[in-house]
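Each remark here refers to the structure printed beneath this line.
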Amino acid sequence: MTLSGLVDLVAADPTIAPSVDDARRGLLRALDLTAPEALRPVLVAALAAGSGRPALLITSTYREAEATTAALASLLGDERVAYYPAWETLPHERLSPRSDTVGRRLSVLRRLAGHDELPAPGVIVAPVRAILQPQVAGLGDLLPVRIEAGRDYDVDEIAAALVDAAYVRVDLVE
């Protein structure tokens with residue numbers, strides 16, 4: 001169930017309508033609005049709907065980002081909202097981030113680059129740590145290596161694709 005009618009109602013409010021119109025026409029590169037917490041997802045949905053370009057919503061915490069993503073999904077639909085998680089590790093730690101976190105980040109970047117089955121999201125929600133962490137250019141162009149059972153593949157092509165995806169070639173895998 002989506003609550004898109006609520007978005008239209010808020011967008012038509014005389015106080016908010018000028019900002020919404022400017023955002024939808026692309027006249028604003030950044031916008032700083034103050035609103036009660038309950039109104040924020042509706043306001044973001046109103047600003048993002050019809051603009052034709054993705055909006056980036058930065059939250060202060062993971063929990064706030066996840067809650068806002070869920071609220072926006074109920075307003076815009078699941079495919080129009082994407083959560084861009086932060087690494088669970090700090091840059092100086094010798095730990096790798098979880099594979100599902102890496103996958104979620106790459107999925108959002110591929111969607112933005114137009115290399116995914118899903119369309120580009122209208123709103124990307126990210127905690128501030130996700131935005132501050134360094135990122136390698138061109139990750140959105142990195143395509144996943146897909147291997148299906150029962151099909152024949154050139155081993156050298158698969159090996160090259162895995163090396164391009166940052167896998168390390170070793171003699172033995174257990």
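The values are calculated or read from the model by the stated rules, or taken from the named source; none is laboratory data. Keep in mind that this is a model prediction, so the values were computed, not measured. With ideal geometry, Cβ positions are generated from the backbone for all residues, glycine too; neighbour counts draw on all protein chains shown. Surface accessibility is based on the protein's heavy atoms, side chains included, excluding ligands, DNA and RNA. Shrake-Rupley method; radii C 1.70, N 1.55, O 1.52, S 1.80 Å.
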Filtered residues of the range 36-70 (kept if surrounded by 18 or more Cβ atoms within 10 Å (Cβ to Cβ) and either within 13 Å of the chain's Cα centre (by Cα) or under 18 Å from VAL128 (Cβ atoms) (or both)) | ARG40, PRO41, VAL44, ALA55, LEU57, THR59, ALA65, THR68, THR69
Of (1) touching a residue at least 12 places away in the same chain (Cβ under 8 Å); (2) closer than 30 Å to ALA46 by Cα; (3) among the aliphatic types (A, V, I, L, M), ALA67 satisfies all except one. Which?
-> (1)
One residue from LEU139, LEU143, LEU132 being under 28 Å from ALA73 (Cα atoms), in contact with a helix residue (DSSP H, G or I) (Cβ under 7 Å, 6 or more places away or on another chain) and free of Cβ contacts under 8 Å to residues at least 60 places away in the same chain | LEU139
Here is a list of conditions, (1) under 16 Å from the mean Cα position of the chain (by Cα); (2) open to solvent by 20 Å² or more (accessible area, probe 1.4 Å), and ALA86 meets all of them except one; can you say which number that is?
-> (2)
Kindly establish whether ASP164 is within 22 Å of PRO41 (Cβ to Cβ) and open to solvent by 50 Å² or more (accessible area, probe 1.4 Å).
-> no
So LEU56, is it touching a strand residue (DSSP E or B) at 6+ places or on another chain (Cβ under 7 Å), free of Cβ contacts under 8 Å to residues at least 60 places away in the same chain and of a type in the set (A, V, I, L, M) = no
